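Sharing a structure with you now.
The values are calculated or read from the model by the stated rules, or taken from the named source; none is laboratory data. Computed from a prediction, not measured in an experiment: that's the story for all the values here. Neighbour counts run over all protein chains shown; Cβ positions are idealised from the backbone, glycine included.
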Amino acid sequence: MKSFDTIVIGGGVNGLITAAFLGKAGNKVVLLEKGKSVGGLASTEQFAPGFHCNSVFDSVPWINSVLSTDLDLESHGFRFDDADTALSTPGTEGKTLSISPDTEATSRSIAQFSDRDAEKWPGFCEKISMLTDFLEPLYGITPPPIPELDLTSLLSMKPMIKPVRKHGRQNLVELLRILPMTMLELLDEWFESEPLRGTVAASGIRHLNQGPMAVGTVFNFLHHHVGSESICPVRFVSGGTGQLTDALQSAAETAGVEVRTKAEVSSVMLQNRQATGITLADGEQLTAGAVVSALDPQSTFHLVGTQNLTPRFRRRVKNIKFRGATARVHFGLKSLPQFDSLNEKALKSIVSISPSLSYVESSSDAAKYGQVSQEPWIEFSLPSLRESSFAPLGKHVLSATVQYVPYHLRGMDNATARQKLRNSVVAVLETHALGIADLIEHEQMLTPNDLESKFGLTEGNINHGEMMLDQFFFMRPTIDTAQYSTPIKNLYLCGPGTHPGGGLHGMNGLNAAQLVLKGN
Amino acid sequence: MSIQTQFTGSTSLKVTPFHKRTSVLNHSQEWRRWSGYLSATTYDLTHDVEYYSIRTKAALLDITPLHKYIIKGSDAGIFLDRLVTRNIKVCKIGQVMYTPWCDEDGKQIDDGTVQHLSENRFRLTSAEPNMEWLTHNAAGLEVDISEDSEVTASLALQGPSSRAILNEVADENIDQLKFFWLTERWIGDIPVTISRTGYTGDLGYELWTPKENALTLWDRLMEAGAPFGITPTGLHALDMARIEASLILLDVDYISAQHAAIDLRKSSPFELGLGWTVKLKKKDFIGRTALENDHRRGTEWQLRGIEIEWEPLETLYRKIGLPPQLPGMAWRTSTPLYSGNEQVGYATSGCWSPLLKKYIALAHLKTEYAKEGTPVQFEVKVEHFRKTTSARVVKTPFYNPERKRTCP
């Protein structure tokens, strides 16, 4: 039996980061990835002969700067491609809203729809930036154990002093006022033009099962803005999103981490409620002083065996809300489609089909009843315009993130949902690019059910648990596992199911690595 | 004179498969709700005859409302062993174990019996519905749990003549069936599981059969039992017998940890006199860590039997010109117990034992007052006025006849 200091399960962003940092600290680490390469949700893959796509994330809005500096990711081939990044929304009468990091340019674009909104835009950007200033240091903290709060854990909240000093208590109160609000309520305080309200609102419902009229969507909106310098941030990784995880793998290996692919873990070995190692699907057993799982909490405790959990903890894990409602669609296109109101610059960045807030809300209605939205919110990109290697010469790839396609379907099976998803997406795209349906050569439809089987995501939830206020900070993923450790001694969590939640920012993996090192 | 009639009043309660018979026999038409079923409290106009039949003849009780679960599958034994405090791994096929089960804080949820019916097949009885708790804890195990209450009819035949009656009707003699064991027998052409168990602390059996056979079984027992004085018996008599036997009752003598409104209301088995059922040698079961602490540190409370002394009680009543007023039936009102001016406990159920000629009660006492022989003051209302009278902690069970566990 091979023995390690630490075994990391799962080779996505967070698993790689945890492994790399532990390796750098001198631990003997092995990382086990089920797939044939690392990457997880941050992969770039070939979905049809000659056609490549970013599996789940086209854009990586924020990566903690500690990662790029401490792991020297640039020397491992990672860099951002920030050329012409904007979020475009086709509006009425051929007008297109374009939100970019350039505040003035964005204001000018908004002015096509409303002068008043254009004037207010810079103030809104400042406000959101102020609010996320509070969250950013919070994201680097291991949540204090509540209800067993003691002085030491209170002291761990020290980084929160800085934003309170900077912005004052009144603004802290303002954060608490705004955090549980609906996107509708927030936007009612600011804007009147529908394409702007729809597009900003859509940023608050990303990967949720709820629409912008649901409470707590502002929290999700702020979550997606932590660490970024603009509203509706878009950033690309040069060479495709998979370059990020490739660089992380390289950094981890440089730090001495053994990365094993096609290594599926079938169970976590236990001895007296302590994790002692893992068993691989092929029967091989590896032992370690610590096992760190980047899988979501339910998948992790499934490996432990639910029968080995105490009744109360089992109930807490069972009660985590997943309810994936986001689908991914990849089309291989014969040629570049012609969009009525979107130029090539817009298409090589991200486009949001969100003409109004009520459009986005209406698309969420279907999810409540287990149905696939007929007019979904679609966020798409043509990555082949940015990376010519993604498609054969002259051909293109269109990748879309689509809401809402609920995991829990009513009155239909997954194959039907997949078909409905395709019909909805093609129908919506046709209204903006007539004839696009005829250009489709290849396609890949990934409903939440498909995402579950492809990536091992419970209920297809990309965030490993809904980003709602009741699943945030010391309550993420459960009240007794928010400190990255678990009731199973020497078993840790480092995936997005932990604080501070989903995205490719890597904070979960970084925080978890620090905790594991402390534990050792 | 009596009018032969079935109980025909409209009811939203369920009726058991014996209702056709019990409703005709229930002369008092007194019923109680038991787990959603209509259940006879006394068949006769008073319960005395039924009580004495438990102790001197044979009492027949319809216990179908008891919650029952069939637990089967390759992990059934492991599942039960983790669920309850007793060691189910040593429970042989044909054996029955009485056991409580707890939440992970070691607080008692319910108590009942585990019957090991066959390889990987068990029946669990409980006072309250437990399906949610059972399925929650079966996660990850190869176990199938099903409600048995609607499938299986059950009767208790309790009393010194119960064995003789069963020997009359069963295909094989049951003389060698030991206390807390079960056997499969034929009664006529009905398959019946007979367990030597009960809730009276006397020689007695419980019979389990598919509900279609209910009436045939009842008739056969009543017919063969007639010469032995078999008596349909209700819950009033049973309640007295179980107090004499010091068998606790959920929601009377303790509150389930599942629905106690405050932690103070929850009890550990060590506080309920069930320490003997907690097998701390078992590696893992729900509540083990907490129960180990209880065992090591001792608990604040103990459930004990008390006997209210005759002379002081008589004196209290004599002062106002009355003979001692004794409860004709079992009571279940929490009654304070004092030592000097300090309340040191409370009795939760009690009765006058006609057989022992003693006034007895089950009581929760602070551990320092729980030693056998400790004198305590029992609150009693004498003609509307609260008084206290002497009682002392005594050994339980109050009544424990040798025939309960012996074989001829």
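Counting residues that are closer than 25 Å to A:H464 by Cβ, within 14 Å of chain B (Cβ to nearest Cβ) and modelled with pLDDT under 95, which strands (runs of 3 or more DSSP E) fully inside the stretch A:280-398 reach at least 1?
Working: elements: A:285-293, A:326-333, A:350-353, A:377-381.
Hits in the stretch A:280-398: none.
Going by the structure shown, is B:A290 within 14 Å of chain A (Cβ to nearest Cβ), in a helix (DSSP H, G or I) and touching an Asp or Glu at 6+ places or on another chain (Cβ under 7 Å)?
yes
Within the stretch A:466-507, count every residue that is among the acidic types (D, E) and within 24 Å of A:A325 (Cα to Cα).
We begin by selecting, within the stretch A:466-507, every residue among the acidic types (D, E); these are A:466, A:470, A:480.
Checking the rest, the ones that are also within 24 Å of A:A325 (Cα to Cα) come to A:466, A:470.
The qualifying residues number 2.
As an exercise: evaluate A:E194 against (1) charged (D, E, K, R); (2) buried (at least 17 other Cβ atoms within 10 Å of the Cβ); (3) outside the structural domain of A:A25 (by TED's automatic domain parsing); (4) under 24 Å from the mean Cα position of the chain (by Cα) and give the number of the one condition it does not meet.
Among (1) charged (D, E, K, R); (2) buried (at least 17 other Cβ atoms within 10 Å of the Cβ); (3) outside the structural domain of A:A25 (by TED's automatic domain parsing); (4) under 24 Å from the mean Cα position of the chain (by Cα), the lone unmet condition for A:E194 is (4).
Hey, can you tell me all the residues within the stretch B:243-270 that are crowded, with 21+ Cβ neighbours inside 10 Å and outside any loop (DSSP other than H, G, I, E, B)?
B:I243, B:E244, B:Y254, B:P269, B:F270
Here is a follow-up. Which residues, taken from the stretch B:346-374, are over 22 Å from the mean Cα position of the chain (by Cα), at negative phi and not aliphatic (A, V, I, L, M)? Explain how you work it out, then say what you get.
To start, the set of residues in the stretch B:346-374 that are over 22 Å from the mean Cα position of the chain (by Cα) comprises B:366-374.
Keeping just the survivors that are at negative phi gives B:366-372, B:374.
Selection gives B:K366, B:T367, B:E368, B:Y369, B:K371, B:E372, B:T374.
Let me ask something else. Show me the strands (runs of 3 or more DSSP E) found entirely inside the stretch B:133-200 where at least 1 residues are closer than 20 Å to B:T16 by Cα, away from every other protein chain (no Cβ under 14 Å) and of a type in the set (S, T, Y). Steps first, please.
Values: elements: B:144-147, B:152-158, B:182-187, B:190-195.
Because the criterion is at least 1 residues that are closer than 20 Å to B:T16 by Cα, away from every other protein chain (no Cβ under 14 Å) and of a type in the set (S, T, Y), the strands (runs of 3 or more DSSP E) in the stretch B:133-200 that meet it are B:144-147, B:152-158, B:190-195.
Please work out if A:N209 is part of a helix (DSSP H, G or I) and in contact with a Lys or Arg (Cβ under 7 Å, 6 or more places away or on another chain). Before the answer, list the steps.
Details: part of a helix (DSSP H, G or I): no; in contact with a Lys or Arg (Cβ under 7 Å, 6 or more places away or on another chain): yes.
No; evaluated as a whole, the condition is false for this residue.
What pairs come up if the first residue lies in the stretch B:320-336 and is outside any loop (DSSP other than H, G, I, E, B), the second is crowded, with 17+ Cβ neighbours inside 10 Å and among the polar types (S, T, N, Q), and their beta carbons are under 9 Å apart, counting only those six or more places apart or on different chains?
Every condition considered, the pairs that remain are B:W331/B:S349; B:T335/B:T348; B:P336/B:Q377.
Could you please find all residues in the stretch B:27-47 being more than 19 Å from the chain's Cα centre (by Cα) and under 25 Å from B:R163 (Cα atoms)?
So the first thing to find is which residues in the stretch B:27-47 are more than 19 Å from the chain's Cα centre (by Cα), and the list is B:27-30, B:43-46.
Result: B:Y43, B:D44.
In this structure, is B:D48 surrounded by fewer than 19 Cβ atoms within 10 Å (Cβ to Cβ) and within 14 Å of another protein chain (Cβ to nearest Cβ)?
Numbers: surrounded by fewer than 19 Cβ atoms within 10 Å (Cβ to Cβ): yes; within 14 Å of another protein chain (Cβ to nearest Cβ): no.
Spelling it out, it is not the case that B:D48 is surrounded by fewer than 19 Cβ atoms within 10 Å (Cβ to Cβ) and within 14 Å of another protein chain (Cβ to nearest Cβ).
Specify the residue that is nearest to the other protein chains (Cβ to nearest Cβ); the eligible residues are those in the stretch B:102-132 that are outside any strand (DSSP E or B) and charged (D, E, K, R).
Step one: list which residues in the stretch B:102-132 are outside any strand (DSSP E or B), which gives B:103-107, B:119-120, B:127-132.
Next cut, charged (D, E, K, R) only: B:103-105, B:107, B:119, B:128, B:132.
On the way: B:D103: 7, B:E104: 5, B:D105: 9, B:K107: 12, B:E119: 21, B:E128: 16, B:E132: 10 Å.
For the stretch B:102-132, the residue satisfying everything is B:E104.
Any chance the stretch A:248-267 includes a residue that's under 30 Å from A:S363 (Cβ atoms) and polar (S, T, N, Q)?
Our first condition is that a residue be under 30 Å from A:S363 (Cβ atoms); within the stretch A:248-267, this holds for none.
No, that holds for no residue.
Additional query: Which numbered condition trips up B:D251, out of (1) on the phi > 0 side of the Ramachandran plot; (2) more than 18 Å from the chain's Cα centre (by Cα)?
Checking B:D251 against (1) on the phi > 0 side of the Ramachandran plot; (2) more than 18 Å from the chain's Cα centre (by Cα), the one that fails is (2).
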